[in-house]
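Read the figures in this text as sums done on the coordinates, not as results from a lab. Bear in mind the structure is a predicted one, so any value in this text is a computation, not a measurement. Methodologically, a virtual Cβ is constructed for each residue, glycine included, from the backbone with ideal geometry; neighbour enumeration extends over all protein chains shown.
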């Protein structure tokens, strides 16, 4: 069903804002390789289209000599560098800080704080567990991405991610079927069962945007269209107007911050 909140024209119009940062959440499961494979494809493709791209890795903790999100949160916006290739930053501690902001203030506040670390037109790939994203994205206009392989455990994990993000954050995620050696018939059957289960128990039918697989000019064009569609599902964070409160609030909420891999 068509959702006007994520129509292509709106997404492309949103790209015109020079001060906008886009955050594209990618669910990081215990089997993390599909998420990193997807991030690699997105990072390389978006960078080729002229975007500054950074991936925040919730499974990697910042350390002396290995700075990451924590240092950006403390120092402010990253230096402007058009020559930099897209990169992956250790972000476990920094995201825990943002989880506390989201839990005690709001998800809006945490995302504004995150966006303040990056230059305009940056795309931030937020790789984090479903439990963390359920706090960070609560009631925000975004469609998180759930990488899907068709191993039985991976299908169960994908349904769990759809459920947690729907119930905790109020968002509908997008499935991305990754290239696999599972026979097509088996994969299609697994996807059908997953979609039917989601519809029956959660009340909505998830979309599946398969990662294009192939070579040649037509395949590259297909990949570009797919990447732009993924970008349209991201959270658009524009620079606050002068005088607009930033990420503080006078009405703190009780902190309910999940642990990494809490379930």
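Quick one: Kirkwood hydrodynamic radius for region 66-217, alpha-carbon pairs, angstrom, one decimal?
When all Cα pairs of region 66-217 are included, the Kirkwood radius is 17.3 Å.
Please report, for the Cα atoms of region 135-226, the Rg to one decimal and the Dmax as a whole number; what are they, in angstrom?
Here Rg and the maximum Cα pair distance are 14.2, 42 Å.
I need 201, 166, 100 ordered by Cβ neighbour count within 10 Å, fewest first.
201, 100, 166
Classify region 106-147 as rounded, prolate or oblate from the Cα gyration tensor: take a ≥ b ≥ c as the square roots of its eigenvalues, call it rounded if a/c is under 1.5, otherwise prolate when a/b beats b/c and oblate if not.
Cα axes put region 106-147 in the oblate bin.
Using per-residue counts of other Cβ atoms within 10 Å, averaged over each peptide, order 101-113, 173-185 from highest down.
101-113, 173-185
Once the cut-off is 21 Å, how many percent of the Cα-Cα pairs in region 108-186 end up in the long-distance tail?
37
Arranged by the count of other C-beta atoms within 10 angstrom, fewest first, what order do 36, 150 take?
Ranked by crowding around the Cβ, least crowded first: 36, 150.
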